[in-house]
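All remarks here apply to the structure that follows.
The numbers here are math on the coordinates, done by the rules we state, and not lab data. Only a predicted model underlies this, so the values are computations on that prediction, with no experimental measurement involved. Here Cβ is always computed from backbone atoms with ideal geometry, including for glycine, and neighbour counts include all displayed protein chains.
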Amino acid sequence: MQITRQADYALRAMVFLARQDPNQRASTKQIAETQKIPPSFLAKIVSQLSIAGLIHTSRGARGGVILSKPAEKISLLDVVEAIDGPIALNDCTVTPGSCDNYTDCPLHDIWVETQRILVDKLRNTTFDKYVR
């Protein structure tokens, strides 16, 4: 499993925003330049994060992007799932009957446990941990 480039960029953008003063808006140009994210790609990411309720955006002279809630209330899982959807290491971890070998598979339990550990770690890691 590899996190998508889009989710990686989204996580980097959110770390950048978490490091801003709570009421300070950042321009997408500033985020793109400092985080080395292609501006057109960032526009799509910002839209998805906004739809997910993780950031607020506004246009105009005083516009920009800001976290929608405190950094300690936004998890890495929130961002990854807003961009990529639910984490699934294998089809059988989401839909157990999807595999013909489900009842006899020696690997099923390890996939389920590994996914649970990963999801729990991402859920319990919030962006306040990355504020300097």
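Would you work out the charge dipole size for the chain about its Cα centre, treating the Cβ of every Lys and Arg as +1 and the Cβ of every Asp and Glu as -1, and quote it to the nearest 20 debye? Could the numbers behind the result be given before it?
Numbers: 16 positive and 14 negative charges, 224 e Å.
My answer is approximately 1080 debye.
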Amide H partners (placed H, <5 Å) of Ile55, local residues excluded:
Ser50, Ser68
In degrees, nearest 10, range 0 to 90: what is the angle between the Cα axis of helix 108-123 and the longest Cα principal axis of the chain?
20 degrees
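Give the order of Arg19, Arg5 when sorted by the count of other beta carbons within 10 angstrom, beginning with the fewest. Don't skip to the end; give the middle numbers.
Numbers: Arg19 15, Arg5 12.
In order of increasing Cβ crowding within 10 Å: Arg5, Arg19.
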Short version: ³J(HN,Hα) in whole Hz for each residue of region 75-80, in order, from phi by Karplus 6.51 cos²θ - 1.76 cosθ + 1.60 (θ = phi - 60°), x for Gly and Pro, what are they?
9, 4, 4, 3, 6, 4
Length-normalised contact order of region 5-130 in % [C-alpha pairs under 8 Å, at least 6 apart]
29 percent
Would you mind ranking Asp21, Asp84 so that the residue whose beta carbon has the fewest other beta carbons within 10 Å leads the list?
Asp21, Asp84
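Show that you can apply the helix-only estimate: for the chain, add -39,500 (n - 2.57) for every DSSP H stretch of four or more residues, divide by all residues, and state [θ] at 222 nm to the nearest 500. If you can, show how the numbers build up before the last one.
Numbers: 6 runs with 64 residues, N = 132.
Value at 222 nm, helices only, nearest 500: -14500 deg cm²/dmol.
Using a Förster distance of 35 angstrom, determine the FRET efficiency expected from the C-beta separation of Gln24 and Ala88, and round it to 0.05. Working shown, then result.
Working: r = 36 Å, r/R0 = 1.04.
With R0 = 35 Å, the Cβ-Cβ based efficiency is 0.45.
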In order over region 31-45: 3J(HN,Hα) from phi, Karplus 6.51/-1.76/1.60, θ = phi - 60°, whole Hz, x for each Gly or Pro, gives 4, 4, 5, 6, 9, 6, 10, x, x, 5, 5, 4, 4, 5, 5
Out of these labelled values of Kirkwood radius over Cα pairs in Å, [x] 15.6; [y] 16.1; [z] 14.8, which was calculated from the coordinates shown here?
[y]
Multiplying the sequence separation of Lys73 and Lys36 by 0.36 nm and subtracting their Cα-Cα distance, what value in nm do you get?
10.8 nm
Listed highest first by mean packing, meaning other Cβ atoms within 10 Å per residue, what order do 26-37, 7-18, 105-116 come in?
7-18, 26-37, 105-116
Among Cys99, Cys92, which comes first, second and so on when ranked by fewest other beta-carbon atoms within 10 Å?
Cys99, Cys92
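If each residue of separation counts as 0.36 nm, what is the full-extension length gain between Asp104 and Lys121 once their alpha-carbon separation is subtracted? Could the numbers behind the result be given before it?
Numbers: separation 17, 0.36 × 17 = 6.12 nm, distance 2.88 nm.
So the chain would gain 3.2 nm between Asp104 and Lys121.
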Between Gly64 and residues 5 or more places away or on another chain, which pairs have amide H atoms under 5 Å apart, with H built 1.01 Å from N, and which residues are they?
Ser58, Arg59
